[in-house]
Each structure stands twice: as structure tokens, then as C-alpha cells.
1. Does segment 228-308 come out rounded, prolate or oblate by the C-alpha gyration tensor, with a ≥ b ≥ c the root eigenvalues, rounded set by a/c under 1.5 and, if not, prolate when a/b is larger than b/c and oblate if not?
2. Tell me, in nm to one decimal, what length is gained between residue 115 and residue 159 on full extension, where the rule is 0.36 nm per residue of separation less the Cα-Cα distance?
3. Note down the magnitude of the dipole of segment 228-308 about its Cα centre, charges +1 on Lys and Arg C-beta and -1 on Asp and Glu C-beta and zero elsewhere, to the nearest 20 debye.
4. Using 0.36 nm per residue, how much length does the chain from residue 66 to residue 228 gain when fully extended, once their Cα-Cα distance is taken away?
5. Considering the alpha-carbon set of segment 7-179 alone, what are its Rg and its Dmax in angstrom?
6. Take the residue pairs 96/127; 53/209; 64/84; 26/228; 96/208; 26/208 and return only those whose Cα atoms are more than 23 Å apart.
7. For residue 307 and residue 134 in the same chain, what is the full-extension length gain: residue separation times 0.36 nm, less their Cα-Cα distance, in nm?
8. What is the Cα coordinate range of the chain on the first, second and third principal axes, sorted by size from largest, in whole angstrom?
Amino acid sequence: MHTPFQGVAPLTHTGLIRAQGTDAAKFLHNQLTSDFSLLGLSEARLAGFCNAKGRLQASFIGFKRSHTDILLLCSPDLLATTLKRLGMFVLRSQVKLVDASADFVIYGLAGSAVSEATKSIADDQGKVWHKTDLDAISVIHLYPADGVPRALWVAPAGTPAPAGPVLMPELWAWGEVRSGIATVTQPIFEAFVPQMLNYESVGGVNFKKGCYPGQEVVARSQFRGTLKRRAYLAHADAALKAGDELFAPEDASQPCGLVVQAAAAPEGGFDAIVSMQISAFEAGGVRALGADGPLLSLQSAPYPLLADI
């Protein structure tokens, strides 16, 4: 990474769902791919919300403010739909679900801004999905981008911003892509089972917890060896966006994958997370948008896959 990726980025377009009540953790545990019943107050979770066929309808970074108060960060273009569908399963559970996007402020921290924000706390600051609390402020440590530490800073609305140089949101979005941790958005709604985004390898799926919508399909994909698609990093000289189709040279009649998430690269072109057939990645020559579209430069995800550990 040659462009400085340091500072504090205001994230004003992040959706936030709040689950409050004595059954909040149990309810989310029964609906999402991760374990929320055993979620500690010093942890965060990557989690997916699937349909009955195991296809992701939304993804979250979730954490507890208390044992009865949980926040779920998600893509704003899926918040209303997700909140409505989650609400269908509440029934008699003692939990209240609301859109809390206006009740909190969220910043992305990169580089030295991470350690600066948590310097008064002597804890394991380098651990991914670790949560540091500073009174009402929560700092969630994320996967790095090209080796640069990243974190989310979440606080009640009106809280002064964290200290540090301003990092443009567009550059933060690029760092999100480079981390290899995909966020589900409307263009890829119900396009993937979690493993197609490598979620099982980055803490986004717990195979030991109980049932949730789509659990049987997700488990079968993992343990029967039927998974044929994975997420990778890609670069193209032309613009890319979520939902763009990918094509392999040996068969341009049907797509071999999709762009999951993309952002303008600061040194030119576009970087992306793509999900595609493993065979197409290994063969190379994959293009976006069509058989004569922009050629992709592909590389493996920047973390080990569970199957390879």
C-alpha cells in the first residue's frame, strides 16, 4: 500500500439495528449464523442472516453494549427489509428491534488512529473482533487492510469525534475491500451462501450452534465438500460495482461469479472482492461484464481459509 491509509473516517451511511430486551441475545442466536448467546462484552461478531436456502440476505458486525442491549451494523440499503423480516420472528420473545442509525455516530479508524483511540486501555488491542469499551464508546478491532490496523468507533450521538487526521470515507471503503471481509448489500441480496464469501474462515459462521434459517444448507455446503465458489481480491483498470458479472475465457456463455464489493483504488482503477468458481480463479483470464470486458488481476483472500488451516 503506497497511499497513506491513516486516520479517522466519518461513516455516516452505516445502518444500525438495535436489539434490546432479556431475550435479545437468544433471539439473535436463533436467527443469525454466529453465536450470540455466548458473545462476551469484550467481543464482536461477524454474522449473516440467511433465507431458508442458506443465501445471505444481510450481514452484520454485532456486539453487546450490555447483556440485554445489542447493536448490529449493516448496509443501510438492506436495513428496512432486514428489520421487517427479523420482526416476523419475534413472536413472544422479549426483544425490541429498532432502527438506531440516528442514535449513534460511527467512525472508521485506520493505522495509528486505532492505538490512539484505545491507548488508555491495557488489553489485547490487536485481536480481530475484540471490543474495547471507553465509557459509552465501543471500539471494534477489524481485519487489517494490507497490514494496516483498522477498527470501528461507535458512540451515542453527540459524542465528540475521535482524535486523528481525517480519512476520506472513499479511502475507508477501499480499505474495506482490501481487508477481504465482504458486507452484503442490495445488489448481492440472496446471491451467496456464507462460505462463498469466506465467512466461515473469518468468524462469521458457528457450526456448533443450534438451528437458524438456512442452517442445514450452510452445514451441508461445509461438510459434504460441495462448495465450488470462494471469495478473492481483484483489480481492474475499469470501474467495477457490486453485482457485476464475471466471465471465464473457456465459457463466456454464463457468468462464473460476481463482484461482491468494489471501490476506487487510490492509485488508479478499481479494487474489488469477487466471489467466483474456484476453477475459474485457478485458470485465470477472468473478465468483468462480458467476454471482452476488463481483465481482472486476481489474488487469494488476505487470510487463511478454514479448509487450509
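Please treat every number below as a calculation from the coordinates, not as lab data. Owing to the predicted nature of the structure, the values given are computational and were not obtained by experimental measurement. Virtual Cβ from ideal backbone geometry, glycine too; neighbours counted across all protein chains shown.
1. Values: a/c = 1.79, a/b = 1.05, b/c = 1.70.
In terms of gyration-tensor shape, oblate.
2. Numbers: separation 44, 0.36 × 44 = 15.84 nm, distance 1.90 nm.
The span from residue 115 to residue 159 would gain 13.9 nm if fully extended.
3. Working: 5 positive and 10 negative charges, 49 e Å.
With only Lys, Arg, Asp and Glu charged at Cβ, the dipole is about 240 debye.
4. On the way: separation 162, 0.36 × 162 = 58.32 nm, distance 3.95 nm.
Value of the extension gain: 54.4 nm.
5. Using the Cα atoms of segment 7-179, the pair Rg, Dmax is 15.7, 47 Å.
6. Numbers: 96/127 31 Å; 53/209 18 Å; 64/84 21 Å; 26/228 33 Å; 96/208 26 Å; 26/208 15 Å.
Correct reply: 96/127; 26/228; 96/208.
7. Details: separation 173, 0.36 × 173 = 62.28 nm, distance 3.67 nm.
Here the segment from residue 307 to residue 134 would lengthen by 58.6 nm.
8. Principal axes ranked by extent give 55, 46, 35 Å for the Cα atoms.
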